[in-house]
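One structure is given here, and the rest of the page talks about it.
The values are calculated or read from the model by the stated rules, or taken from the named source; none is laboratory data. What you see is a predicted model, and the numbers here were worked out from it, not measured in a lab. Side chains included, ligands, DNA and RNA excluded: accessible areas come from the protein's heavy atoms. Shrake-Rupley method; radii C 1.70, N 1.55, O 1.52, S 1.80 Å.
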Amino acid sequence: MGIEDGDSFAYISDGRTMMAGSTDDLYLARTFKQQGKDLLFVRRDNKPLLIRDAKTLEQVRKLLEDDRKLGDAQGALGEKQAALGAQQAALGQKQAELAYPMSQIAAKHAAIASKRAEIAMERARLHSLGDSPERDRKEAELDKRDASFDQELEGLDKEQEALSRKMEALGEEQGKLGEQQGKLGEEQAKLGEQQAARGRENMKKVMAVIDEAIRKGLAEPLPT
């Protein structure tokens, strides 16, 4: 954040704290906070100091709030990303729900293929027998079973085609959401870079304001 090791500060107002550095110093600083009055606790060169000068407090507050605005923008983008993520999850659930009936159709296809293999074996056995009314009757039964499988497969194919269309539509929707998510991610990355650069710059400015206040004798040591 652009501050030296061992240095820290905490800007404390009613209901809000902005800080950089040690949380131990934050707890210490809060013991000196007075209701209705802002306070800037500073540890510079390992010396704890309090700054209550109104002009200094205003300068530091503006710099810190400038950082917060970018943070708020990142938060808003994060909320959009979360909302898109929820939509993607909901679509994923629908896709999962469609996957089950599709797997059931595949299982039925496999079962019919197995039964048709049995029919083929039975036909081969019947062909090895001599011509007879009984053989003709059994072959007619096999033909009837084969025809029923054709009808069943036709129904399964229609059902599978309908499910595939739904799955394809969900996939396209998922792709669009993914594109939106990607764009938001790019925006988030740019904001993150801006936040980091501005944060470092503002931190230097904050420390410069603090050093100027110390130089002017506006910082007071902690009361004993």
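Worth pointing out:
- Think of a 1.4 Å ball rolled over the protein heavy atoms: segment 13-67 then has 57 Å² of accessible area per residue.
- What the Cα convex hull of segment 68-224 gives, in volume per residue, is 177 Å³.
- Cα centroid of segment 113-168 to Cα centroid of segment 177-195, whole Å: 56
- Across the chain, Cα pairs under 8 Å and at least six residues apart give a relative contact order of 31 percent.
- Nearest-ten-degree value, helix 133-215 long axis tilted from longest Cα axis of the chain: 10
- Listed values for segment 113-120 are Karplus-derived 3J(HN,Hα) couplings in whole Hz (6.51 cos²θ - 1.76 cosθ + 1.60, θ = phi - 60°), namely 4, 5, 5, 5, 5, 5, 4, 4, and x replaces Gly and Pro.
- For segment 9-124, the relative contact order is 15 percent, taking Cα pairs closer than 8 Å that sit 6 or more residues apart in sequence and dividing their mean separation by the residue count.
- Within straight-line reach of K166, meaning a Cα separation under 17 Å, sit the following aspartates and glutamates at least 8 residues removed in sequence or on another chain: E97, D157.
- Pairs exceeding 21 Å between alpha-carbon atoms, taken from K55/K216; K138/K158; K108/K138; K80/K205: K138/K158; K108/K138; K80/K205.
- In this structure, the pairs whose alpha-carbon distance is over 25 Å, taken from K69/K204; K62/K190; K69/K176, are K69/K176.
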